[in-house]
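The values are calculated or read from the model by the stated rules, or taken from the named source; none is laboratory data. What you see is a predicted model; the values in this text were computed from it and never measured. Every residue, glycine among them, receives a Cβ derived from its backbone with ideal geometry; neighbour counts consider all protein chains shown. Note: areas computed on protein heavy atoms with side chains; ligands, DNA, RNA excluded. Shrake-Rupley method; radii C 1.70, N 1.55, O 1.52, S 1.80 Å.
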Amino acid sequence: MAGVTGVTGQSSTPGEDSSLDDTLASLMRTLKVKKERLEQREKALEKRCEALNEKHADLFGDKSDSDVLTLNVGGDMISVLRRTLCSVEGSMLAARFSGRWDDSLEKDGEGNFFICQPIELFKPMINFLRARAISTPLAPPVRSPNLPAGDREDFYRMVE
């Protein structure tokens, strides 16, 4: 029986074709098994992500960076985004308003967060953080507010 000429111009015999078919079938089975294992691992990873998100919600509650917080600062009310207060990682403000401690922070009679600081110190700090949030690489750097010496230390203690 004459051999069959393949695409490469080389002839193959029916036995060689059968061997190639067997190899191809084996590779297809292997790919199918690997695909199934990968899908199982993906489902397991999704479950672990869900569990992690649930633990995060348990620790931090349903807090969001876009939450608008109303603060009572020494009797004056000011509204600010949570992400503004948390914009300097590691700062006292970021730690305090991350959402983790919301239930234990001091609040006034209406449920607003109470900050026992003068508004004259706190408002320039909020405006500084707001300006940093919208700054661009092309704009001049945002400078700290010009505060009296005693207030300057309090300012840096809160944002650094």
Just wondering, is there one or more residues in the range 109-119 that are over 18 Å from Thr70 (Cβ atoms) and acidic (Asp, Glu)? no
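To keep it simple, each residue is scored yes or no on (1) open to solvent by 100 Å² or more (accessible area, probe 1.4 Å); (2) at pLDDT 90 or above.
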residue	(1), (2)
Ser18	no, no
Thr23	no, yes
Thr30	no, yes
Leu38	yes, yes
Lys43	yes, yes
Glu50	yes, no
Glu54	yes, no
Asp58	yes, no
Ser64	no, no
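Residue-by-condition table, conditions (1) over 24 Å from Gly150 (Cα atoms); (2) assigned to a helix (DSSP H, G or I):
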position: Ile78; (1), (2): no, no
position: Gly90; (1), (2): no, no
position: Ala94; (1), (2): no, yes
position: Gly99; (1), (2): yes, no
position: Asp103; (1), (2): yes, yes
position: Glu110; (1), (2): yes, no
position: Leu121; (1), (2): no, yes
Out of everything in the range 144-156 that is touching a residue at least 12 places away in the same chain (Cβ under 8 Å) and outside any helix (DSSP H, G or I), what residue ends up being nearest to the chain's Cα centre (by Cα)? Ser144
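Each row is one residue, and each column tells you yes or no for (1) in contact (Cβ under 8 Å) with a residue 40 or more places away in the chain; (2) surrounded by 15 or more Cβ atoms within 10 Å (Cβ to Cβ); (3) small (Gly, Ala, Ser).
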| site | (1), (2), (3) |
| --- | --- |
| Arg96 | no, yes, no |
| Leu105 | no, no, no |
| Gly109 | no, no, yes |
| Ile115 | yes, yes, no |
| Phe122 | yes, yes, no |
| Pro137 | no, no, no |
